[in-house]
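Enquirer: What follows is a structure written as structure tokens; I'll ask about it next.
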Amino acid sequence: MDMRQIKALMQEFDESGLSKLKITKEGFEMELEKVIGAVAAPVAAPAPVAAPVAVAAAAPTPAAAPAPSVSGDEILSPMVGTYYAAPSPDSAPFVKVGDTIKKGQVIAILEAMKIMNELEAEFDCKILDVLVSDGQAVEYDMPLFVVEKL
């Protein structure tokens, strides 16, 4: 399954009356479960057959980020997940507006399926704007930062 099929399936599941769904097909396994009364963002990714995937789907995801107020290149989310600006709630953010970033430097954490994925800069740049807030659900290819390549 590709990401478009997974997203479509998640949306249909979210709109359905079902509370749990498990799919196994050609070496791909996915399990969706609604958590009633909790605010959670839908998250999905392929998983090995041996490990079932639990995904909470409740409220629909917020609308796409508003158009950036600053012009420049954008760093996009490589996956669906939850954006975290810092390694822990009481830590300083990885980056802030005005910071100069080197290629390979961690700029955020994206949580998907309870796995914390470090997002690294793919090029040297200066952060012009941060388009998402800490703890916000993000979509694949959603703009996270506006940057100026150096």
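Enquirer: Might you report the magnitude of the Cβ-based charge dipole of the stretch 66-150 about its Cα centre, with Lys and Arg at +1 and Asp and Glu at -1, to the nearest 20 debye?
Expert: Details: 6 positive and 14 negative charges, 28 e Å.
For the stretch 66-150, the charge dipole is close to 140 debye.
Enquirer: What pairs from 20/114; 34/149; 25/114 go past 30 Å between their alpha carbons?
Expert: On the way: 20/114 18 Å; 34/149 41 Å; 25/114 23 Å.
Among 20/114; 34/149; 25/114, the Cα-Cα distance tops 30 Å for 34/149.
Rule-based calculations on the coordinates, nothing more; no lab input. Here the structure is a predicted model, which means the values were calculated and not measured. Cβ coordinates were reconstructed from backbone atoms using ideal geometry, including for glycine residues, and neighbour counts include every protein chain displayed.
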